[in-house]
Amino acid sequence: MVGRLIDDEPELAYEHAQAAVQRAGRVDVVREAAGLTAYRTGRYAEALRELRTVRRLNGSSEHLPIMADCERGLGRPERAITLSQEPEAETLAADGKVELAIVVSGARLDLGEPDAALATLASPLVRGAKGVLAVRVAQARATALEAAGRADEAAAELSSYSAAQLTEASGGVEEDEDDVVVFDLDEDDDETDGDDDESASPESDDDTSDDDTSDDDGPVDAAPDDAAPDDAAPNDAESVDDEPEAAAGEATDQSEENR
């Protein structure tokens, strides 16, 4: 459902993703959908938390460009640049590296550095982008050229593209369609009618309450409920061990009375 709604009805897609998190908060693709829909609806702090959680769960940094753009959306361009300099940025696919360069160029503009923004977009990898991504690079270059006072060059940068192409390429970081999980909550309802009591309370997840300034990408802690049986076990064992001792004491007293 989220995959079918995210382009046309992102707010509704976000609501579906949130409902899924309540049921399967430890599943990486569910948290991924929550992060991507939060991003598409402008909830940048929430998107950043969710995508950090995804990185903890599956070890992938594929959403680094979106995370950097979230930092920009939160008014923290310096952090966007810092994210782009992480070693994980080198693990991105070619398109991901181009998307990250576009975000960093925007962060440089936020800091009033148009020349640095243009330099970010000057690499052969970025200039060699294809399709919609090439249009997005041209738009980013035009914006930087405009900021540098080079309006004629900015216009020339976009002159080979139609209005339809420019409109299609406008917006935030492009998500790969394969990144958005598709699920139908109505189908889940039919399958879980008998388990309402178990699914009524959401899974405990410390990540959802993380401060958005946290950069800790360590392992996700196990849910508290998972540890509860182990904590209770020693108490049960102690009560079982106490019973034979009590019985032995009673038998000794009875024996002394008989004498």
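Values quoted throughout were computed directly from the atomic coordinates according to the rules given, and no laboratory measurement underlies them. Here the structure is a predicted model, which is why all the values come from computation and not from measurement.
The table below lists the values:
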read-out	value
Cα centroid separation - region 108-137 against region 23-48, whole Å	27 Å
Stokes-Einstein translational diffusion, region 22-93 - Kirkwood Rh over all Cα pairs, 1.567 mPa s, 4 °C, in µm²/s	106 µm²/s
